[in-house]
Amino acid sequence: MSNNYTILITDYAWSSIEPERQILSETRADVIVADSGDEDELISLAPNVDGILTCWKPVRECVISTASKCQIIARYGIGLDNIDVPSATENGIIVTNVPAYCVDEVTDHAMALLLACARKIPLFNSAVKSNIWDPNIGCRMYRLRNKILGIVGFGHIGKAIIPKAIALGMKVKVYSPRTTQELIGQHGAEKVSFDELLTTSDFITIHAPLTSETQHMFGDEEFRAMKSTAFLINTSRGGIVDTLALTAALQNGEIAGAGLDVLETEPPHQDETILQLDNVIITPHAAFISEESIIELQETAAKCVAQVLSGYIPESVVNPTVLDQPNLRAKSLLN
């Protein structure tokens with residue numbers, strides 16, 4: 001007997017999708033994987049699928065409007081900037097994410113970038129391997145104790161990085177306009193304005209989603225406001241930082257350096273100037289990766305799809321108003 005459902009995976013960044021296949025097979029669902037994940041291909045596949053799992057490929061209105069059977073779009077990850085959530089809601093489609101995964105991995109990676117910047121690890125390593133034995137190359141180094149770490153965003157990751165910074169003797173300030181000082185204070189940090197964060201922080205680490213409010217949140221004006229000895233760390237979304245403005249700030253000495261796991265264009269064009277600068281460390285959007293986190297991600301995202309197909313409300317619905325709409329595609333949830 002043939003299976004009842006078809007689930008489309010637009011893209012993934014791991015070696016096997018066997019965990020997804022196993023979980024979804026229990027709900028009599030087949031899995032198909034896009035070859036390229038390009039928009040034209042997704043549009044051609046979308047009319048025949050009951051659910052979509054997506055990592056980084058855009059699932060826009062033009063795809064959603066053709067997915068006439070689709071009940072759920074599940075994001076492999078936390079951010080939702082690659083999914084047109086309003087369009088999905090309008091069409092009665094549930095959207096889910098995995099909000100609490102890779103917290104340890106991303107905070108570890110952010111702190112690794114911070115330490116590598118502060119201690120000039122890549123620069124020293126490259127110099128020694130080029131037969132240069134000079135501990136004084138690059139910018140001056142300062143001890144971390146009593147330095148200020150400014151955090152943009154106060155979600156799971158923003159909260160979890162605080163004790164790691166405090167363990168190094170750092171003081172922590174947080175910019176999160178919708179969070180109270182009481183709650184931030186309970187985590188050992190101080191709530192401040194964005195202007196104060198910029199002007200007083202020795203390191204700034206970004207842990208906010210990419211939205212219309214945060215797009216190019218860091219540009220020319222913001223870099224001019226930062227200390228010339230400060231470093232910017234970004235493990236969130238590349239679009240929060242204006243790459244051209246950051247490049248100029250790094251070249252002009254407006255800030256001391258940056259540690260980036262995300263860029264506006266991924267992978268970057270090889271002629272981008274920022275790739276040639278000694279005072280920036282760039283990793284390939286790898287902060288979320290560990291053997292444990294990838295399995296957790298695959299299983300949690302697939303379980304959300306399986307829950308909807310089985311008639312249950314899934315965990316982490318990001319558009320809960322859709323559950324009360326008469327056009328909700330997951331009709332079994334209405335029973």
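Summary table
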| read-out | value |
| --- | --- |
| Single match in 172, 152 (criterion: in contact with an Asp or Glu (Cβ under 9 Å, 6 or more places away or on another chain) and among the β-branched types (Val, Ile, Thr)) | 172 |
| Answer residue from segment 36-49, given it is closer than 14 Å to residue 5 by Cα and not in a loop (DSSP other than H, G, I, E, B) and is most open to solvent (accessible area, probe 1.4 Å) among those | 48 |
| Condition check for residue 150: farther than 15 Å from residue 278 by Cα, open to solvent by 20 Å² or more (accessible area, probe 1.4 Å) and of a type in the set (Gly, Ala, Ser) | no |
| Segment 281-335, subset among the polar types (S, T, N, Q) and either outside any loop (DSSP other than H, G, I, E, B) or open to solvent by less than 30 Å² (accessible area, probe 1.4 Å) (or both), residue farthest from residue 105 (Cα to Cα) | 332 |
| Flag for residue 165 being crowded, with 21+ Cβ neighbours inside 10 Å, at pLDDT 95 or above and closer than 21 Å to residue 227 by Cα | yes |
| Members of segment 78-90 found to be of a type outside the set (A, V, I, L, M), assigned to a loop (DSSP other than H, G, I, E, B) and either over 17 Å from residue 10 (Cβ atoms) or touching a strand residue (DSSP E or B) at 6+ places or on another chain (Cβ under 9 Å) (or both), listed by number | 82, 84 |
| Members of segment 204-236 that are open to solvent by less than 40 Å² (accessible area, probe 1.4 Å), closer than 22 Å to residue 159 by Cα and of a type outside the set (A, V, I, L, M) | 205, 207, 214, 218, 231, 234, 235, 236 |
| Of all residues in segment 231-277 being closer than 26 Å to residue 161 by Cα and acidic (Asp, Glu), the one that is nearest to the chain's Cα centre (by Cα) | 261 |
| Any pair with Cβ under 6 angstrom, 6 or more apart, that starts in segment 229-251 at a residue that is touching a residue at least 12 places away in the same chain (Cβ under 8 Å) and ends at one that is among the acidic types (Asp, Glu) and open to solvent by less than 10 Å² (accessible area, probe 1.4 Å) | 235/261 |
| Close pairs from segment 309-335: first over 15 Å from residue 51 (Cα atoms) and modelled with pLDDT of 90 or more, partner open to solvent by 40 Å² or more (accessible area, probe 1.4 Å) and not basic (Lys, Arg), Cβ under 7 Å, at least 6 apart | 316/99; 318/80; 323/313 |
| Candidates 52, 78 - the one that is of a type in the set (A, V, I, L, M), in contact (Cβ under 8 Å) with a residue 12 or more places away in the chain and open to solvent by 40 Å² or more (accessible area, probe 1.4 Å) | 78 |
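The values are calculated or read from the model by the stated rules, or taken from the named source; none is laboratory data. In this text, all values refer to a predicted model and were calculated from it rather than measured experimentally. Heads up, the Cβs are rebuilt from the backbone with ideal geometry, glycines too, and the neighbour counts pull from every protein chain shown. Side chains included, ligands, DNA and RNA excluded: accessible areas come from the protein's heavy atoms. Shrake-Rupley method; radii C 1.70, N 1.55, O 1.52, S 1.80 Å.
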